[in-house]
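The values are calculated or read from the model by the stated rules, or taken from the named source; none is laboratory data. Bear in mind that the values here come from a model prediction, so they are computed numbers and not experimental data. Backbone-built Cβ (ideal geometry, glycine too); neighbour counts: all protein chains shown. Accessible surface areas use protein heavy atoms only, side chains included; no ligands, DNA or RNA. Shrake-Rupley method; radii C 1.70, N 1.55, O 1.52, S 1.80 Å.
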Amino acid sequence: MPQHEAAHSAPAAAEGFDAGKVIIEHVSNSDIDHPLIHLPTVFGIDFSVTKHVLMLWLVAVAVLVLVTWTVRRYLRQPDPAAPSGFMNALEAIVEYVRDSMVEPNVGRKWTAVWTPLVLTLFLFVLTANMAGLLPVFELVGLIDRTLLHLPEESFVNRLLHGGSTATANFNVTAGLATITFFAIIIAGSWAHGFLTHWKNLVPHGLAWPIYILLIPIEIMGMLVKPFALTMRLAANMTGGHIAILAMLSLVFLFAELAGQAFAGIGVGLLFSVPLAVGIYLLEIIVVLVQAYVFALLSAVFIGMAIHAHH
């Protein structure tokens, strides 16, 4: 082996497999060194398109196109019969969100007003969660390594950096929670008037010294609601992926410790892969549950603003 190659490979061999680096690389957003589209920085904000931004766009377009196309295709029928296929599933979702989430919380008077928002949040979060479970970019990477052999700075290779679950990004969930936050204010102001909505934050008829303590608590509680939505969704979506990657990382760690590939293969077949598959199946349930919880809590918070005295 030439001397310069030996010098280059020695640090790599000494460093070994870094499970933490691999896991963070696969769940985080693509960093500033690997943006998909370079855009200028405006007022200190880098507007470059990262992987999570791309996933937001793809999910938004997918939900818009699929739902719009399905509904219009059904309505174009000369004599619409009972829906079938995806339209049947979509109708069941709409009715469930309207009848089981929105109406019990906001009341029948406001059901038609707030069902579109809660339904949109549910479908968007559900689709974004599901997209993170599909190994699309891993398949692209496999095709590139075996067939394409594109340069490292190509668009395809930049796609391989970072995770594909946009709802595992706290910035994304904070943005969704902010929509709910303003919807709460709008719902309360629409139902009671702007000033009355803010007065409804605290009970009426109490001694004035109590309000000195109660008003800051109620304001803090108002801010905690979007914070809880933000943390719950992002943490749950990140935790599942970290658990799967941690289990699979044991294959490489044991192979490196034993100095034999068969040790890693044995750990993988007997322990890592079965457990990772089990966690993956659990993640399918978590994907649905987290979309349900986000939409349900949004409906609950909006209903609390409308029915402030209850």
Gaussian network model of the chain, springs between alpha carbon atoms under 10 Å - residue of V71, V42, V102 with greatest fluctuation: V42
Given charges at Cβ of Lys, Arg, Asp, Glu: the chain dipole, positive-most of I143, V61, V224: V224
Most fluctuating residue given options S84, S249, S164, as computed from a GNM of the chain linking Cα atoms under 10 Å: S84
Residue among I210, I179, I23 with the largest mean-square fluctuation in a Gaussian network model of the chain, springs linking Cα atoms under 10 Å: I210
GluC sites (Glu not before Pro) within the range 100-198: DSSP coil, no more than 13 neighbouring Cβ in 10 Å: E152, E153
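Given a cut-off of under 8 Å on Cα pairs at least six residues apart, what relative contact order in percent is computed for the range 22-75?
This gives 24 percent for the range 22-75.
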Length gained when the stretch L213-Q77 is fully extended (0.36 nm per residue, less Cα-Cα span): 42.9 nm
Tally of Lys pairs whose C-alpha atoms are under 28 Å apart, taken over the chain, 8 or more apart or cross-chain: 5
Accessible area per residue in Å² at 1.4 Å probe, computed on the chain: 59 Å²
The range 238-310, Rg to Rh (Cα coordinates; Rh as Kirkwood inverse mean 1/r): 1.38
Alpha carbon Rg of the range 128-227, scaled by the compact-globule rule 2.2 N^0.38 Å: 1.88
Of the DSSP H helices in the chain, those whose Cα atoms cover at least 30 Å axially and whose Kyte score averages 0.5 or more: 51-75, 108-131, 170-192, 208-258, 273-306
Tail beyond 38 Å, pair distance distribution of the chain (Cα, percent): 32 percent
